[in-house]
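Participant: Please see the structure below; I have some questions.
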Amino acid sequence: MNLLQLTDDELLGEIGGRLRRYRLQGNITQAELARQAGISLRTLGNIEAGRDVQLGTVIRILRALGRLDSLGAFLPEAGVSPMELLRSRGRPRQRAGGDRSG
């Protein structure tokens, strides 16, 4: 599946479906997962149906499923290029530069 070709709504549906499959692989009911994650059953149902929810809610569900490590693959740590380190003299970058073409 090429995620780049999906619309935002299709991506939400894919995320919801994957969370549902993780839940079923663990043989966990919706009610039990909602309780473990500290969310309502309705909220969990909305996520699994592909409706838009807060990111904090997804994090709670991943934690309850024991899949929080999935966030590393979802959003890997941003690396710093060696050239950027030289330019910044080892200091972390604090802001982005604007368009300097005038």
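Here, each number is a calculation from the coordinates, and none is a lab measurement. Just so it is clear, the model here is predicted, and its values are computed rather than measured. Please note: Cβ atoms are built from the backbone with ideal geometry, for glycine as well, and neighbour counts cover all protein chains shown.
Participant: Could you tell me the largest-minus-smallest coordinate of the C-alpha atoms of the chain on each of the three principal axes, in descending order and whole angstroms?
Facilitator: Projected onto its principal axes, the Cα set of the chain covers 54, 28, 24 Å.
Participant: Calculate, for residue 28 and residue 6, the FRET efficiency according to 1/(1 + (r/R0)^6) with r their C-beta to C-beta distance and R0 30 Å; round to the nearest 0.05. Please list the in-between numbers first.
Facilitator: Values: r = 27 Å, r/R0 = 0.89.
With a Förster radius of 30 Å, E is 0.65.
Participant: Place the peptides 72-83, 3-14 in order of packing, highest mean first, counting for every residue the other Cβ atoms within 10 Å and averaging per peptide. Walk me through the numbers before you get to the answer.
Facilitator: Working: 72-83: 7.9, 3-14: 11.3.
Descending packing order for the listed peptides: 3-14, 72-83.
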